[in-house]
Amino acid sequence: MTPDFDLHAGDIVICLERLAPSGRCSVGAFGEVSRTAAATYAEALRHAKRLAVGQCVDVWMTYRVRWADTGPQTFRRLASHRLQP
């Protein structure tokens, strides 16, 4: 994934476990602590898109960064629902 610097507070982020990209995920707004668990990536994506459409924000994906990760956390935009000026 390459860094994308158009991530805004309130955008929806799907966070995947690094060792299980098709397994458990969490979904939440960027900049907020509260997250919703999802059993699969497909379930997380459906939930994230539903939230993003209703709130007119974008959907992003990232891997959970652990203390042992050497690189910075990166995000990839999956869908854009933000209203353009």
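Which residues, counting only those in segment 55-76, are at pLDDT 85 or above and more than 19 Å from VAL33 (Cα to Cα)? Write out each step before concluding.
Of all residues in segment 55-76, those at pLDDT 85 or above come to 55-62, 75-76.
Selection gives CYS56, ARG76.
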**Residue ID - nearest to CYS25 (Cα to Cα), chosen from residues in segment 46-65 that are among the β-branched types (Val, Ile, Thr) and crowded, with 19+ Cβ neighbours inside 10 Å** = VAL59
**Message:** Can you confirm whether ARG82 is of a type outside the set (Asp, Glu), assigned to a loop (DSSP other than H, G, I, E, B), touching an Asp or Glu at 6+ places or on another chain (Cβ under 6 Å) and modelled with pLDDT under 90?
**Reply:** yes
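The values are calculated or read from the model by the stated rules, or taken from the named source; none is laboratory data. Bear in mind that the values here come from a model prediction, so they are computed numbers and not experimental data. Counting neighbours? That spans all protein chains shown, and the Cβs are built from the backbone with ideal geometry, glycine included.
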